[in-house]
1. Would you be able to tell me the number of residues in the stretch 169-189 that are over 16 Å from CYS211 (Cα atoms), among the hydrophobic types (A, V, I, L, M, F, W, C) and crowded, with 16+ Cβ neighbours inside 10 Å?
2. Which fully enclosed strands (runs of 3 or more DSSP E) of the stretch 114-219 have 2 or more residues being over 23 Å from the mean Cα position of the chain (by Cα) and at pLDDT 95 or above?
3. Any idea which of LEU191, LEU156, LEU220 is touching a Leu at 6+ places or on another chain (Cβ under 8 Å) and under 25 Å from PHE253 (Cα atoms)?
4. Can you tell me which residue is surrounded by the fewest Cβ atoms within 10 Å (Cβ to Cβ) among those in the stretch 105-128 that are touching a strand residue (DSSP E or B) at 6+ places or on another chain (Cβ under 7 Å) and of a type outside the set (Gly, Ala, Ser)?
5. Of everything in the stretch 62-76, what is outside any loop (DSSP other than H, G, I, E, B) and exposed (fewer than 15 other Cβ atoms within 10 Å of the Cβ)? Give them in sequence order.
6. Which members of the stretch 13-23 meet the condition of being surrounded by 17 or more Cβ atoms within 10 Å (Cβ to Cβ) and part of a loop (DSSP other than H, G, I, E, B)?
7. Only one of (1) farther than 26 Å from LEU214 by Cα; (2) at pLDDT below 95; (3) assigned by TED's automatic domain parsing to the domain that holds CYS244 is not met by PRO107, so which one is it?
8. Scan (1) farther than 22 Å from ARG218 by Cα; (2) in contact (Cβ under 8 Å) with a residue 40 or more places away in the chain for the single condition ASP164 breaks and write down its number.
Amino acid sequence: MPETAARAPLCIAMHVLDNVAIVANDGGLPAGTVFASGLTLVDKVPQGHKVALVDIAAGGAVRRYNVVIGRAARAIAKGSWVHERLLELPDARSLEGLPIATVRPAPMPPLAGYTFQGYRNADGSVGTRNILAITTTVQCVAGVVEFAVERIKAELLPKYPFVDDVVGLEHSYGCGVAIDAPGAEIPIRSLRNISLNPNFGGELMVVSLGCEKLQPERLLPPGSFAIVANDGGHGAAPELDVVCLQDEGHIGFMSMIDSIIASAEAHLVRLNARRRETCAASALVVGVQCGGSDAFSGVTANPAVGFCTDLLVRAGATVMFSETTEVRDGIDQLTSRAATPEVAAAMIREMV
């Protein structure tokens, strides 16, 4: 890019009705900068910060993405730096009287014939990777599992080229006094479902301490999982492979490590026998996660991920987003775009 073009003042507005835009230049822009549109900066505006595109009266709405993100605490002149000290943030929207399925974009035509190379599981799910996961029942075993995983990666994984990785599923639960408290099933269920991720191929390996409240049978009770490990197609009932560190057969730290490594190799053998197959795009279940928001994520990464999501859904896939509680202040944006009133009601229920 020519140097003069690289230095041209740039700002990004997302909607024709927005009255602020984001300064894009490295290092920001000084006061007096004139944009091609004729807009002149009144203040120095840092990169990624907002500039007023028009005069905004005191109490007037400040709009970005055609959404009111706040109101002017005082009059803001065109070309001014719009920062948090100039904004009065709106109160969180009441969960009563929300717009319900009021925004109805024209349906997009379905996409057919799209495939990907995935790993089929016995329960019908499809993974995109082939990973050995070692589930933990309590935080106390995390250090031991971490050491064992490094040994497995260094000593065993090179022998099994069709296995992508080995991971330890660590967490901070397992021995709290509130394990039977109301709602305790939520983190337990979350840990259970993570252990059953389709990318793990149904190989259920658990490392337990022995004295924890969250015993392996409670984390993964019989009947709570449908994925059947690779058993040659015989349909044998899945069983937990548990390494208990307090087992009397373990004499010292290295004995525990050797036991974990020996158990892991049996799983690696089965996982290594798996091969990718052509699968319909509709078998994909994709989760999206915020990578840390800044002023540019809303104009770059998020729209790109949203466009990709639309393509996947049109192909029949399922896409989920996380951090549902963090969208509490934007719940009206979600309920208005809900496909049905029932979907809107489900969103509201998650905010309560």
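1. 2
2. Of the strands (runs of 3 or more DSSP E) lying wholly inside the stretch 114-219, those with at least 2 residues that are over 23 Å from the mean Cα position of the chain (by Cα) and at pLDDT 95 or above span 205-208.
3. Of the residues listed, the single one that is touching a Leu at 6+ places or on another chain (Cβ under 8 Å) and under 25 Å from PHE253 (Cα atoms) is LEU156.
4. Result: GLN117.
5. VAL68
6. ALA13, MET14, ASP18, ASN19
7. Tallying (1) farther than 26 Å from LEU214 by Cα; (2) at pLDDT below 95; (3) assigned by TED's automatic domain parsing to the domain that holds CYS244, PRO107 fails exactly one: (3).
8. Only one criterion in (1) farther than 22 Å from ARG218 by Cα; (2) in contact (Cβ under 8 Å) with a residue 40 or more places away in the chain is unmet by ASP164, namely (2).
The values are calculated or read from the model by the stated rules, or taken from the named source; none is laboratory data. Predicted model, so just to flag it, every value in this text is computed and none were measured. Positions of Cβ are backbone-derived with ideal geometry, glycine not excepted, and every protein chain shown enters the neighbour counts.
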